[in-house]
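In what follows, a single structure is set out as structure tokens and then discussed.
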Amino acid sequence: MSNIMEYQMFIDGQWTPGLTGERMEVINPATGEVVATVPRGGREDVDRALASARASFESGVWAGKSIEERAQVLINAAMMVVANKERLAYLESLTSGATIRRTTTVDIAEVAGTLLLIAMIVKELPQVEHTFFSPPWVAPMHSFWKREPIGVCAGITPWNFPLILAMYKIAPALAMGNSIVMKPASITPVTTLELAKILTDAGVPPGVINVVTGPGSSMGNYLAGHPEVDKIAFTGSTEVGRQIAHQAADTIKRVTLELGGKSPIIVLDDADMEVAANMCLLGFLFHSGQVCESGTRLFVPRCLQEELVDRMIQKIKKMVIGNQLDMETDMGPIASQEQLNTIIRYVQIGKEEGAELAYGGRRLTEGIYEKGFFFEPTIFINCHNQMTQVREEIFGPVQCVIPYDDVDEAIAMANDSIYGLGGGICSTNVGRAQQLANRLRTGTVWINTWHVLRPDAPFGGYKQSGYGRECCYHSLLAYSEVKHICQDLTPDGSDKLLNLLIGLNR
Ligand code: NAP
Ligand code: MG
């Protein structure tokens, strides 16, 4: 019996077999079973997808449409995402390990919401601005500037939120009239392929959205360095992001990088302990901790460490860890064997470096967990900010609690990181929380909550967590160029100042 789904790449509006003929397997992380295969693409597939994107761009079939027409297609696509909600959510959960309770609600809403919001705000964004101002030293001029698409974009995404992170790139790229080639992560390529088909059915012309599948190290690397790519948007590790920035430099590509994080939560001494426990658990257990902006360095007043951690443990004991496709499940499996190994390695390092294990620390292997990649929620206490598992991104359900004695010291430790993606303050004092939020060097600060990414608010990192912003109008700016057109309004003549300067009146 085989109900393994067979996918092809999506190029020029068509399902397209890879030219190498090789396939890659996609696994359900709860069971270890192969659920789908996709082409293991190579350079020729990238060339083909980029040629199709370039041709569609140059033809003006999409870039030449009005903003209103493009926005309408995005709105149609949002409706189709909602109409295909069950299938998309199922495939996203099946392949990424995300709980079905989350994908059917949050992920679908975020994907459709991003399309709708971008469709709305692209119409509000000033497309053309004018000035008739003429300084005395220039002739009367009409100057105007307008937004134009950049051209051919490439989007490379990781495996933790395949649908949402793809849409953060696709929606603004398409809204501004670009063509795009996406390369999803090898372990979760399926829903990005489905998304391309939906967008095409909604009215995006062939070639404007393409999806290639294949290994990042070869195919992704080739795409990132390709001279046909005018802009690259990458979400993934800081290590690969650094390489991409180097490669982009050769042809001065426009770049957006959303990279790793090790986000600090600072619980203040006036915090409500129930709110704090919830915030700290949400911060590191949402999607089993496989979120770039997870709150994984927990700074807590020394005298409150025990009480807070006890409360967290009581709540963890009630959580349902299990198959992600079960509506009752609160926390699903880790996305891959490789990522599970990484988590196991960091927990071992934590123990060796003297962090005290307060809870968890083990792979779950019995009963329903036997074949899957499950790991217990894990809390280390009495950590310090220099420990390896505190400094490096683990990308798993592991919390490191660092007791502090004064708030200035906590802020200094929180900012002492190469990363600057998320941060948070837990307090009952709004004014104090906001003042401290100002002092965190991170792209997002949450107060008394975590993980709230909204299509209408900018998301991105300080420091080595990346540059550029996704979502809201910031993303529209990141997918467009500005062209200034300047027209001399005076009759033709040799008395124009600049002409005079080079003696054209002689
Ligand atoms: P990754 O190894 O950097 O991979 C991300 C994507 O890049 C995948 O599609 C991967 O393809 C591809 N890739 C790998 N090597 C490449 C190369 N040399 N050139 C071009 N592309 C390459 O990251 P990951 O392991 O999938 O995801 C975890 C990381 O992503 C974490 O560090 C996390 O913090 C970060 N992340 C950041 C955000 C954010 O918004 N800031 C969001 C989610 C995740 P393959 O799958 O084929 O290897
Ligand atoms: Mg990787």
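Quick notes on this structure:
- Criterion: farther than 19 Å from VAL211 by Cα, open to solvent by less than 40 Å² (accessible area, probe 1.4 Å) and in contact (Cβ under 8 Å) with a residue 12 or more places away in the chain - qualifying residue of GLY13, GLY42, GLY32: GLY32
- GLY216 being within 16 Å of ligand 2 (Cβ to nearest atom), touching a Ser or Thr at 6+ places or on another chain (Cβ under 9 Å) and closer than 30 Å to PRO301 by Cα: no
- Pairs, first part of a strand (DSSP E or B) in segment 245-256, second away from ligand 1 (no atom under 11 Å from the Cβ) and acidic (Asp, Glu), C-beta under 7 Å, six or more apart: ARG254/ASP230
- For the criterion of being under 24 Å from PRO162 (Cα atoms), within 16 Å of ligand 1 (Cβ to nearest atom) and open to solvent by less than 10 Å² (accessible area, probe 1.4 Å), GLY322 fails.
- Every residue from segment 474-506 that is touching a residue at least 40 places away in the same chain (Cβ under 8 Å), surrounded by fewer than 12 Cβ atoms within 10 Å (Cβ to Cβ) and either among the polar types (S, T, N, Q) or not in a loop (DSSP other than H, G, I, E, B) (or both): VAL482, LYS483, HIS484, ILE485, CYS486, GLN487, LEU497, LEU498
- Just one of (1) open to solvent by 20 Å² or more (accessible area, probe 1.4 Å); (2) under 30 Å from ILE485 (Cα atoms) fails for SER179. It is (1).
- Residue check, GLY354 over 28 Å from the mean Cα position of the chain (by Cα) and in a loop (DSSP other than H, G, I, E, B): yes
- Test: residue in segment 238-254 that is within 25 Å of SER56 (Cα to Cα), more than 16 Å from ligand 2 (Cβ to nearest atom), open to solvent by less than 20 Å² (accessible area, probe 1.4 Å) and at pLDDT 95 or above: yes
- Hey, LEU223 open to solvent by 10 Å² or more (accessible area, probe 1.4 Å), within 16 Å of ligand 2 (Cβ to nearest atom) and in a helix (DSSP H, G or I) or not: no
- Complete set of residues in segment 184-200 that are polar (S, T, N, Q) and buried (at least 23 other Cβ atoms within 10 Å of the Cβ): THR188, THR191, THR192
- Subset of segment 430-487 (residues that are of a type in the set (Ser, Thr, Tyr) and within 18 Å of LYS253 (Cβ to Cβ)): TYR467, SER475, TYR479, SER480
- Of all residues in segment 226-244, those satisfying the criterion of being more than 19 Å from LEU19 (Cα to Cα) and either more than 8 Å from ligand 1 (Cβ to nearest atom) or in a strand (DSSP E or B) (or both) are PRO227, GLU228, VAL229, ASP230, LYS231, ILE232, ALA233, PHE234, THR235, ARG242.
- Within segment 404-419, restricting attention to residues that are more than 27 Å from the chain's Cα centre (by Cα) and in contact (Cβ under 8 Å) with a residue 40 or more places away in the chain, the residue that is nearest to PRO264 (Cα to Cα) is ALA410.
- Selected residue [over 28 Å from ILE394 (Cβ atoms), within 15 Å of ligand 1 (Cβ to nearest atom) and touching a helix residue (DSSP H, G or I) at 6+ places or on another chain (Cβ under 9 Å)] from VAL152, VAL138, VAL181: VAL181
- Failed criterion for LEU259 (all others in (1) more than 16 Å from ligand 2 (Cβ to nearest atom); (2) of a type in the set (A, V, I, L, M, F, W, C); (3) within 24 Å of GLN290 (Cα to Cα) hold): (1)
- Condition check for LYS315: open to solvent by 10 Å² or more (accessible area, probe 1.4 Å), more than 16 Å from ligand 2 (Cβ to nearest atom) and closer than 24 Å to SER217 by Cα: no
- Only one of the numbered conditions (1) more than 16 Å from ligand 2 (Cβ to nearest atom); (2) open to solvent by 10 Å² or more (accessible area, probe 1.4 Å); (3) touching a Gly at 6+ places or on another chain (Cβ under 7 Å); (4) small (Gly, Ala, Ser) is violated by GLY203, and that is (3).
- Filter result for the condition that a residue is in a helix (DSSP H, G or I), in contact (Cβ under 8 Å) with a residue 24 or more places away in the chain, more than 22 Å from LEU193 (Cβ to Cβ) and not polar (S, T, N, Q), over MET120, MET80: MET120
- Leading residue by the ranking (nearest to ligand 2 (Cβ to nearest atom)) among those in segment 331-347 that are more than 10 Å from PHE374 (Cα to Cα) and of a type in the set (A, V, I, L, M): ILE343
- Of all residues in segment 216-243, those that are at negative phi and β-branched (Val, Ile, Thr) have Cβ atoms under 7 Å from Cβ atoms of residues that are open to solvent by 10 Å² or more (accessible area, probe 1.4 Å) and away from ligand 2 (no atom under 16 Å from the Cβ), 6 or more apart or on another chain, in VAL229/LYS253; ILE232/LYS253; ILE232/VAL255; THR238/GLN464.
- Any hit, segment 85-95, residues being buried (at least 24 other Cβ atoms within 10 Å of the Cβ), in contact with a strand residue (DSSP E or B) (Cβ under 6 Å, 6 or more places away or on another chain) and part of a helix (DSSP H, G or I): yes
The values are calculated or read from the model by the stated rules, or taken from the named source; none is laboratory data. As the structure is a computational prediction, the values presented were derived from the model and not from experiment. Don't worry about glycine lacking a Cβ; one is built from the backbone with ideal geometry, like all the others, and counts go over all protein chains shown. With ligands, DNA and RNA removed, areas are computed over all heavy atoms of the protein, side chains included. Shrake-Rupley method; radii C 1.70, N 1.55, O 1.52, S 1.80 Å.
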